[in-house]
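Undergrad: After the structure tokens below, expect a handful of questions from me.
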Amino acid sequence: MVIKEIQEEIVEEFSMFDDWMQRYEYMIDLGKSLPLINEQYKTDDNIIKGCQSKVWVHAELAEDKLVFTADSDAIITKGIIAILIRAFSNQKPQDIIDADTAFIDEIGLKEHLSPTRANGLVSMIKQLKLYAVAYQTQLN
Amino acid sequence: MIDVAKIRKDFPILSREVNGKPLVYLDNAATSQTPTPVIDVIVDYYSKYNANIHRGVHTLSQEATDAYEQARAKVQHHFNIAKAQEVILTSGTTHSINIVASGFTSLLEKGDELLVSAMEHHSNIVPWQMLCERTGAVLKVIPMNEQGELDMGLYRELLSDSTRLVFCNHISNALGTINPIEEIIQEAHEVGAAVLVDGAQAAPHIKADMQQLDVDFYTVSAHKICGPTGVGMLYGKEEWLGKLPPYQGGGEMIAEVTFEKTTYADLPHKFEAGTPNICGGIAFGAALDYINAIGLTNIAAYENDLLAYATAELLKIEGLKIYGTSENKTSVISFNIEGMHPYDIGSILDKLGVAVRTGHHCAQPIMDFYKIPGTVRASFSFYNTKEEVDVLVACVKRARNMLA
């Protein structure tokens, strides 16, 4: 699936929730269920700065696609990462670079998008895109 | 006694909703809310006599100057400061500390020692580290114990003839501990060291008497004590303020300027370069009036009751641990729940209308001491109620259930 389709799928899933409680519970479940990253990649170099919780992101190329793995010490943050990984991982770097992030707003996580929020969702997206730019350069 | 129902009517913000729930504001250690009498002073200033001060001959300027200097007098009396020129109005505690740290550059030599308490806010650590980089002075740390109290025995061992300065907060923002500053000041003076006490957290709870404490420097932020942001106090003994060079150059702080040489104004203006936060200063005075009308003794008694109640109720929650358990503490509860990240708890509390602080509270060394990433901090003011404590406890339980 292309990024746009995955995002639409996520938006549709979230539209079934009536209130924030259900959304948060879903994100907490996502956060708990996902095996996200190989322990060896949880290094200081892979920490995204600007988050109140610790977030590690690792990226590697599998053929022409970029695969992200990540983790956080906070569950809600981990849930948010899980959503981001679903939307952006296993995609071509150029598609990741070009991808829109408006779906975050549509699934009711707009408050996490403000650049001044301490949770660093913006930093996370920026980091994913930076990896994509780096690997795209490598592919070229 | 405090009539909390009546007091709450003075704070319009307390009746708003957050995420569809009544606001429960428990982040008072970060900033306090502003009562109507203080808001009125701000509106009044901009509506009636907004003007630059100390220079204008016109009526508005004189009215504004009078009001600003009256505010300085209120600050002076509130903290029982001997002379008006010892009251420097600053932008807040951070600014106040930086004035002193910068000023000591020319007074220190390589190898001089500075003592800092282990429970300081970054604003009372970093300016001194920068001072050490400039001068070659050495920063040493007064350790604390598991309860979050300073080790006074080790403090005494650290004090020596080389000690030039000691700095410590009156009350810890992250733990609520009230430090024994009387002893700290007295013992520092015995070796000839000066003491700066960061009173940012203490001002809303304790009436600090500068003459009785015999402290050399004391700093306050107005916004922690029902005043506006961007204004605060640096108290300094005249003899010390006289020795320190100006922090910033500009208007207001000069006596005479030629391109060959400038002479500086007398205290307090020497440290008040540029147009100050005039409205903020006047409102700071109004905030002290408001607090004094209720009485800090009454406020402290009421908050201690809230603290005891909240502590007992929160500790009933399984896995909840409180950091900062000194018997001498103010109404700050820093806590974590086993296996849960403070950020997760804080995020859910926010959704339920409860405002708390999460994170390291600008005191990373304390978090490193306890080996935790941060805490959830609920801090109570005299306008909070037991019912709000009940809401907090219920919401923490709900967050715990969601995250378990």
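Undergrad: Just for the stretch B:90-106: of the residues that are closer than 11 Å to residue B:234 by Cα and out of contact with any Leu (no Cβ under 8 Å at 6 or more places or on another chain), which one is surrounded by the fewest Cβ atoms within 10 Å (Cβ to Cβ)?
TA: Top of the filtered list is B:91.
Undergrad: While we're looking at this one, here's another question. Just the residues that are more than 14 Å from chain B (Cβ to nearest Cβ) and crowded, with 19+ Cβ neighbours inside 10 Å, please, taken from the stretch A:26-36.
TA: A:36, the sole residue that qualifies.
Undergrad: Of B:324, B:285, B:281, which residue is away from chain A (no Cβ under 14 Å), in contact (Cβ under 8 Å) with a residue 24 or more places away in the chain, touching a Phe, Trp or Tyr at 6+ places or on another chain (Cβ under 8 Å) and surrounded by 22 or more Cβ atoms within 10 Å (Cβ to Cβ)?
TA: Answer to the selection: B:281.
Undergrad: Pick out the one residue from B:131, B:154, B:175, B:139 that is in contact (Cβ under 8 Å) with a residue 12 or more places away in the chain, assigned by TED's automatic domain parsing to the domain that holds residue B:220, closer than 30 Å to residue B:375 by Cβ and over 23 Å from the mean Cα position of the chain (by Cα).
TA: B:154
Undergrad: Can you confirm whether the stretch B:360-382 contains a residue that is free of Cβ contacts under 8 Å to residues at least 60 places away in the same chain, among the hydroxyl-bearing types (Ser, Thr, Tyr) and crowded, with 24+ Cβ neighbours inside 10 Å?
TA: No; the residues of the stretch B:360-382 include none that is free of Cβ contacts under 8 Å to residues at least 60 places away in the same chain, among the hydroxyl-bearing types (Ser, Thr, Tyr) and crowded, with 24+ Cβ neighbours inside 10 Å.
Undergrad: Residues that are among the polar types (S, T, N, Q), surrounded by 20 or more Cβ atoms within 10 Å (Cβ to Cβ), within 14 Å of chain B (Cβ to nearest Cβ) and not in a helix (DSSP H, G or I): does the stretch A:72-82 have at least one?
TA: Yes: one or more hits.
Undergrad: Taking only pairs six or more apart or across chains, which ones have beta-carbon atoms under 6 Å, a first residue in the stretch B:385-404 that is away from chain A (no Cβ under 12 Å), and a second residue that is part of a helix (DSSP H, G or I) and surrounded by fewer than 20 Cβ atoms within 10 Å (Cβ to Cβ)?
TA: B:385/B:4; B:386/B:309; B:389/B:309; B:393/B:313
Undergrad: All but one of (1) away from every other protein chain (no Cβ under 14 Å); (2) in contact with a Leu (Cβ under 9 Å, 6 or more places away or on another chain) hold for residue B:349, so report the exception by its number.
TA: Status for residue B:349: all satisfied but (1).
Undergrad: What's the number of the only condition in (1) in a loop (DSSP other than H, G, I, E, B); (2) out of contact with any Asp or Glu (no Cβ under 8 Å at 6 or more places or on another chain) that residue B:43 fails to meet?
TA: (1)
Undergrad: Condition first: outside any loop (DSSP other than H, G, I, E, B) and small (Gly, Ala, Ser). Now tell me which residues in the stretch B:90-115 satisfy that.
TA: Once the filter is applied, which keeps residues that are outside any loop (DSSP other than H, G, I, E, B) and small (Gly, Ala, Ser), the stretch B:90-115 yields B:96, B:101, B:102, B:103, B:106.
Undergrad: Here is a follow-up. Filtering the stretch B:301-312 down to residues that are surrounded by 18 or more Cβ atoms within 10 Å (Cβ to Cβ) and of a type outside the set (Ser, Thr, Tyr), which residue is farthest from the chain's Cα centre (by Cα)?
TA: Selected residue: B:310.
The values are calculated or read from the model by the stated rules, or taken from the named source; none is laboratory data. What you see is a predicted model; the values in this text were computed from it and never measured. Note that each Cβ is placed from the backbone with ideal geometry, even for glycine, and that neighbours are counted across all protein chains shown.
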